[in-house]
1. Please work out which one of (1) within 23 Å of Val111 (Cβ to Cβ); (2) modelled with pLDDT of 75 or more is the condition Asn53 fails and give its number.
2. Being more than 21 Å from Leu87 (Cβ to Cβ) and polar (S, T, N, Q) is the filter here; which residues of segment 1-59 pass it?
3. Of all residues in segment 1-32, how many are out of contact with any strand residue (DSSP E or B) (no Cβ under 9 Å at 6 or more places or on another chain) and more than 11 Å from Ala110 (Cα to Cα)?
Amino acid sequence: MIEIETIEVRLGERTYAIQQLGHLRAKPWKKRLLAEVQPIFDQVTSASDQEINTPADLLGLLPLAERLFIDALDMVFELLIAYSPTLEADCEYIESCATDTQILAAFQEAVKLSDPFGVVAQLNRQLGRRTNGTS
């Protein structure tokens, strides 16, 4: 028998149990995740093709940096909160007390809960090969 998986995450000074979502709630969450992440991946891919030869070229990457360091973290926070009713109930505390690192780690765990095919792990391996030059 396959049980519903539960993970524990630390956000701020509190520990939360996040339970794997049922199909009806997980499906729209995954669709939202993909819709919101796709434009960021597109921007990063586009930026990786740019040559940086002058300081002006580097400055041209500032909008992407802002998108990654601010907007993407806000998106991750919102998606994390939307994943779990437990987190939704304590949203104000989490927003004011959890660190960006805690939020990102909890989000990664939520994504793993919603990924029965291991697509995220496969993508991580592919990205690792590309950055290491072993593709």
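The values are calculated or read from the model by the stated rules, or taken from the named source; none is laboratory data. A quick note: this is a predicted structure, and the numbers were derived from the prediction, not measured. Cβ placement follows ideal geometry from the backbone for every residue including glycine, while neighbour counts extend to all protein chains displayed.
1. Condition not satisfied by Asn53: (1).
2. Gln38, Gln43, Thr45, Ser46, Ser48, Gln50, Asn53, Thr54
3. 15
Table: residues versus (1) over 13 Å from the mean Cα position of the chain (by Cα); (2) of a type in the set (S, T, N, Q).
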| residue | (1), (2) |
| --- | --- |
| Val76 | no, no |
| Ser84 | yes, yes |
| Cys91 | yes, no |
| Cys97 | yes, no |
| Gln102 | no, yes |
| Lys112 | no, no |
